[in-house]
Amino acid sequence: MSRDLTAIKPYGDTMNDGKIQLSFTLPVPAGPEGKEAARKMASQLNLKEVEVVHTKDLGEDFSFYIVYGQTDKTIDYTKIRVARATSSVMDYYEINEYIEENIGRPLRVVGACTGSDAHTVGLDAIMNMKGYSGEYGLERYPMFKTLNLGSQVPNEELIHKALEFDADAMLISQVVTQKDIHVKNLTELVELLEAERLRDKFTIVVGGPRISHELALELGFDAGFGIGTLPPEVASFLAEELNREINKEEN
Amino acid sequence: MAKLDLDQNKVKRCRLASVKIADSVDNYIEGLTTTSVERTILRLYGVDGVNSEEIPVPNLIVDQLNKADLLEAGAAVRLGQALLSSQLTVEDLSEAIAENKLDIIKLINNSNLNSNKVKSYMRELASNRAKKIKAIREKRDELQQEYPPGPKPWLYVIVATGNIYEDVQQARAAARQGADIVAVIRSTAQSLLDYVPYGPTTEGFGGTYATQENFKIMREALDEVGQEEGRYIQLVNYCSGLCMPEIAAMGAIERLDMMLNDAMYGILFRDINMKRTFVDQYFSRLINAYAGIIINTGEDNYLTTADALSEAHTVVASQFINEELASRSQLPPELMGLGHAFEIDPTVKDGFLLEIAQAQLVRQLFPEAPLKYMPPTKYMTGDIFKGHLQDGMFNLTSIITGQGIQLLGMLTEAIHTPFMQDRALSLENAKYIFNNACNLGGEIQFKPDGKIQGRADKVLDETVEMLEEIAEKGLISALESGLFAGIERPRNGGKGKDGVIKKASDYYNPFAEIFRKELVASE
């Protein structure tokens, strides 16, 4: 069957059936009225043929629903453009070779979970020797010299340490996003760097479950990486970006 | 119950090494107190409230005493001098200090009371306050008689909205859905605050502030829903970080049932000074022991940074150290919720067998402890469907090996703080497996030369080796060299160092004396 990429729809078990599953909680007790409310909610989302396949009472006048429906909306896939930090991801060996060949010295990277954020799992996944999901972290790369400052690092201290370490780049991790605290932390860093005329001195990269490359650019960062990012993606970006920066300076 | 065949001589060697390690810690902190311990003593006497800038009165008093070089004798004696010479009650004195109407230093310097008289007065006051804590403990026993907690493994869920009233709503619903234990996660960074915030709070990041008022609000809600459900619902908070013993005191007063409390977590993961942490953990555990509060230790955290396969022995070694240090605070084994976790990479072949080996090993090494078993977090992704299955494997391991406190995994672990439905789904998951495989552990045996037995032997071997190495070089040097979680901490570094104070020869902490004496007598 041919696919019309200018008008795609979700695929359940037949092309263009538009099937979607969703689940949510409503602040009402379970019962026929709750079920009808769930169905109406899905209808208001423009889903057709809505079926509430599961209802469960959660106590305290809350109830949970699993719902199927179908959509008649379509997307023109051929028109989609997504901002990406890197066009191509190199592997561990290629990255080291690339840096050696193009820059000729190890890149110096400082990492930190800034502000009140105490969750280092993302930062460690990218920086620690062991890395994540079978990919070594930056510490393991001979062509990266790294300094992992850990959790709860104030922005001022990060800048101070980055200068002391003579860093080329900063990696910032932000996991806690309640009440947009991450946006405040990130904005503050950029403002501090700009105030001290240091913004051009560092390539700054942010990662976290709620971070996208687009959001990062909007906040004045050079790149952003979201959930599931592996060390080579960040390393490839740093290699290419710093190659541009460093060799531009020298030209 | 299926049993591993463990070399008891090696187990004995682990415990002997731990005794040596704990001795070195005792020596290291000999003759020291901290600002947080002294604030705790004030709180235990009933000092409370904040001034117009929200600074707690215990902090106001201890800071002033410290500045005036009056803290070395202990806050108890100084409070006694102030009370006796002003003839005020603790409540009135707290209020006067909060309103800046009273200069406690002047009061102390002008008092020329006989120090024995002050001490005996404060001893009696402390003894009355201790009786109150004892009564709270007895109240818990009574309630648990009337509304027994569910069977183990207890189902432990968290709430973390930042708003205590929203937390209450979620906690009540969780109890209706079958939760046995509710933990209120603290706002991120509270562990590094050198004071305890005050009053009910409705704003927090990644959690809700631990305040005495918040404890009270949640306690009342859980008592109410527990009575309706006919099941005592246990409440958990964190006595860790710079205010470890103060929060232990607040938990004792508000009848919390469990508190996160680890001998080394603060040093490793929050970069808190070693002396500060060891002094604080000793007194906080003494309070927990007296109040009958189960501690939850934090070994599971090692595996979020270090590899669960190659570093499994560091978890067991730390459990032995936590056990020995806890017993020196008179905590009985049934209050030691030693922590570990299901964190092996899910792509590892036979990883499930290795998880069973670890869980069963820990179960047999600490037979009376209500082990705190933590769910997969490190390898949780945005794939909630796979995540739900990972949590199911975790639950199956727990029911086979008889864990005590089952911290339920959330299918949305890597995404957000749990939605109400996430909690409900994880409770369903655990209840299904705990019922469906209820007696599986009793029906199986481990092959003597099998993978599970082999793995347990290997971990135990590495544990003995590690503990004996630490006993040789001392725990402080071990922490300096990164033996735990791959994190290195210098002995003179860390936050809260300024709060470590040398005790004078006439130092007096009547609560420590009373608690210890009664606990030893009841052994």
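Throughout, read-outs are computed from the coordinates displayed, never taken from laboratory work. This one's a predicted model, so the numbers in the text were calculated from it and none came from an experiment. Glycine gets a Cβ as well: all are built from the backbone with ideal geometry, and neighbour counts include every protein chain shown.
Rounded to the nearest 20, the size of the Cβ-charge dipole of region A:92-250 about its Cα centre is 400 debye, with Lys and Arg at +1 and Asp and Glu at -1. What is the angle, in °, between the Cα long axis of helix A:155-164 and the longest principal axis of the Cα atoms in chain A? Nearest 10 is fine, range 0 to 90. In chain A, helix A:155-164 runs at an angle near 30 degrees to the longest axis. Comparing Cα centroids, region A:180-212 and region B:248-280 end up 33 angstrom apart. Scaled against the 2.2 N^0.38 Å expected of a compact globular protein of N residues, the Cα radius of gyration of region B:336-490 reads 1.14. When every alpha-carbon pair in the protein assembly as shown is counted, what percent end up more than 47 Å apart? Result: 25 percent of Cα pairs exceed 47 Å. Straight Cα distances below 17 angstrom link A:LYS48 to the aspartates and glutamates A:ASP13, A:ASP17, A:GLU36, A:ASP72, with same-chain residues fewer than 8 positions distant left out. When you count the other C-beta atoms within 10 angstrom of each residue and take the mean per peptide, A:62-73, B:177-188 line up highest first as B:177-188, A:62-73.
The angle between the Cα long axis of helix B:212-229 and the main principal axis of chain B comes to about 50°, on a 0 to 90 degree scale. The share of Cα pairs per 10 Å bin across chain B, counted from zero up to the longest distance, runs 4, 19, 29, 26, 15, 5, 1, 0 percent. Under a 5 Å amide H cut-off, with hydrogens placed 1.01 Å from N, A:LEU107 pairs with A:PHE144, A:LYS145 among residues at least 5 apart or on other chains. Under 19 Å of direct C-alpha separation, and excluding same-chain neighbours fewer than eight residues apart, B:LYS117 reaches these aspartates and glutamates: B:GLU72, B:ASP506, B:GLU513. For peptide A:58-69, the mean count of partner chain Cβ atoms within 10 Å of a residue's Cβ comes to 5. For the peptides B:246-253, B:307-314, residues were scored by their other Cβ atoms within 10 Å and the scores averaged per peptide; the highest-first order is B:246-253, B:307-314. Other residues within the sphere of radius under 11 Å centred on the Cβ of B:ALA263, judged by their own Cβ, net out at -3 (K and R +1, D and E -1).
Applying the Karplus relation 6.51 cos²θ - 1.76 cosθ + 1.60 with θ = phi - 60° to region A:205-222 yields 3J(HN,Hα) values of 10, 10, x, x, x, 9, 9, 10, 4, 4, 4, 4, 4, 4, 8, x, 8, 8 Hz, where x marks Gly and Pro. Relative to the current alpha-carbon distance between B:GLU54 and B:ALA68, full extension at 0.36 nm per residue lengthens the span by 2.8 nm. For region B:498-523, the residues whose amide N sits under 17 Å from a probe point set 7 Å from the Cα of B:SER120 along the beta carbon direction are B:510. Farthest toward the dipole's positive end in region A:1-80, which of A:ALA7, A:ILE20, A:VAL50, given Cβ charges of +1 (Lys, Arg) and -1 (Asp, Glu) about the Cα centre? It is A:ALA7, whose Cα lies furthest towards the positive end.
For chain B, the longest principal axis of the Cα atoms and the long axis of helix B:244-253 meet at an angle of about 90 degrees. If the chain linking B:ASP23 and B:PHE385 were pulled fully straight, counting 0.36 nm for each residue of separation and taking away their Cα-Cα distance, it would gain 125.5 nm. With N as its number of residues, region A:92-250 has a Cα radius of gyration that, divided by 2.2 N^0.38 Å, comes to 0.95. Here, P(r) means the percent of Cα pairs in each 5 Å bin from 0 to the largest distance; for region A:1-80 it is 3, 16, 22, 17, 13, 10, 8, 5, 4, 1, 0. In the protein assembly as shown, the DSSP-assigned H stretches of four residues or longer account for a calculated mean residue ellipticity at 222 nm of -15000 deg cm²/dmol, using -39500 (n - 2.57) per stretch and the full residue count as denominator. If you take the Cα centroid of region B:354-429 and the Cα centroid of region A:86-147, the two points sit 31 Å apart. Here the dipole of the protein assembly as shown is about 1540 debye; that uses its Cα centre as origin and unit charges on the Cβ of Lys and Arg (positive) and Asp and Glu (negative). Which of A:LYS9/A:LYS40; B:LYS20/B:LYS503; B:LYS20/B:LYS131; B:LYS131/B:LYS473; B:LYS216/B:LYS431; B:LYS12/B:LYS386 have a Cα-Cα distance over 32 Å? As for pairs spanning more than 32 Å Cα to Cα, those are B:LYS20/B:LYS131; B:LYS131/B:LYS473; B:LYS12/B:LYS386.
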